[in-house]
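Take a look at the structure set out below.
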Amino acid sequence: MKALILAAGEGTRLRPLTSNVPKPLLTVAGKPFMTHTIEALKEAGVDEVIILTGFRGDRIRSHYRNGETLGIKISYLEQKERKGTAHAIGMAETHIDSPFFCLAGDVLVNAEDLKTMRSLHERGGSTVLGAIEVDDPSRFGVIEVKDGMMVGIVEKPQDPKSNLINSSVYLFNPDVFRKITETGLSDRNEYEITDSISMLATDGEVLVHPMQGEWIDVGQPWDLLKANEKLMSTMKRSIKGTVEDGAHIIGEVVVEEGARIRSGSYIEGPVYISTGCDIGPNCHIRAYTCLGPRCRVGNASEVKNSIIMADTKVPHHNYIGDSIVGERCNFGSGTKVANLRFDHRNIKVMCKDGQMDSGRRKMGVIMGDDVETGINSMILPGTVIYEKAIIGAGSTAYGLIGKEAQIL
């Protein structure tokens, strides 16, 4: 069975994390986000994945190559012009001639739900659409269901008729391509797959599966922390790197081969420490921290519930909590990241769409690649720092700091 993963978008809502890195390659629970998706598909019986690339597609192809390291065949298509989801899926018509999974590259999905969708399809032959029940469906495509079949879908309605939303996880028959050719432009001037699915539903051919497992749509940076927490909560202990005498490792901790844990380090799982990391001495790494390859956490530093991406240095007397930090950043001695308001209200973050409520009572910094901080600098809750910015010694950073800006 084949699967099509849509991974062509620029991920602008995740900037600055996606300024240089395509969203599917952002690290979550020790792996690029899309790797978790591919592994779930493989567990559900998929043996070939087609990845539709666009923005920084070269990095995706370079990382996954032919899929041999994951034990699955991977090939690629390129979407040079992004004209909507129906246009994207339609590009695979000449490559697929049997039922196939189709899902967005920014969705975390459970393998058991994929297995159930496949079983439903094999019994009835209909298209199967994964649905999720949410508290606020007005921000999504809302599904109307009758007797288990879809009878309608409305994008971002003001008065939703149900709490079931489109999960962007589908199991299509090849006849979807015929409906795509009949799909016209939407009000957003795009070819929408939901319009194509609506035409299939008119013929009574769309079965709705309310998904039971974890589903996370990574639309905003803080969604990465949520996905990280969910994935790491099921992680199992694996110590393959070097651990010196006097280091304390408690609970479900992964230390990859080639990582080094120095004496005096205190690590409370779940924690993921990637290959090439150098940890300690005398540091504290707390639960739900994920360190990418070749990271450094040194003396008297503490990291908690954060994603720190490849080659970033947190070398001494630093605190980072509830944060997402890009590649090749360097924290000067004494840099502290605040993650809690005095009034204990949710942290608001300045994003592409304006100031947004993160929904989190604790939220630190969202930091792009190649940022440097000076000694004793401070970063306030919800701060967004774009790539190559400099936060000078003793400075306080807050709000939105632009690319290559200098706060001195």
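No value in this document is a laboratory result; all are computed from the given coordinates. From a predicted model like this one, the values you see are computed outputs, not experimental measurements. Please note: Cβ atoms are built from the backbone with ideal geometry, for glycine as well, and neighbour counts cover all protein chains shown.
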Across the chain, what fraction of all alpha-carbon pairs, as a whole percent, falls in each successive 20 Å bin from zero upward? 26, 54, 19, 0
Backbone N under 15 Å from the R82 label point (7 Å along Cα→Cβ), restricted to region 374-408: none
Would you please state which residues of region 310-338 a label at T396 would reach in this model, taking the label point 7 Å out along Cα→Cβ and a backbone N cut-off of under 18 Å? 319, 334-338
Rh_Kirkwood(region 228-407) over Cα pairs, Å, one decimal, evaluates to 16.1 Å
On a straight-distance basis, which aspartates and glutamates could pair with K230 in a cross-link, Cα separation under 12 angstrom, same-chain partners fewer than 8 positions away excluded? E214
Ranked by Cβ crowding within 10 angstrom, fewest neighbours first, how are K23, K388, K179 ordered? K388, K179, K23
Applying the Karplus parametrisation 6.51 cos²θ - 1.76 cosθ + 1.60 with θ = phi - 60° to the phi angles of region 150-159, what ³J(HN,Hα) value in whole Hz is obtained for each residue in order, glycine and proline being reported as x? 6, 10, x, 8, 10, 7, 6, x, 6, 10
Under the 7 Å Cα-to-Cβ spin-label approximation, S98 and R188 lie apart by a distance in nanometres of 3.3 nm
Could you rank the peptides 270-280, 389-399 by their average count of other C-beta atoms within 10 Å per residue, with the highest value first? 270-280, 389-399
If neighbour count is taken as other Cβ atoms inside 10 Å, put D187, D311 in order from fewest to most. D187, D311
Please count, across region 1-148, the pairs of lysine residues with Cα atoms under 12 Å apart that sit 8 or more places apart or on different chains. 4
At a threshold of 8 angstrom on Cα-Cα distance, excluding pairs fewer than six apart, so keeping six or more, what relative contact order does the chain reach in percent? 11 percent
Taking springs between alpha-carbon atoms closer than 10 angstrom, which of D245, D223, D369 fluctuates most in the Gaussian network model of the chain? D245
Which of H95, H284 comes first, and how do the rest follow, when ranked by fewest Cβ neighbours within 10 Å? H95, H284
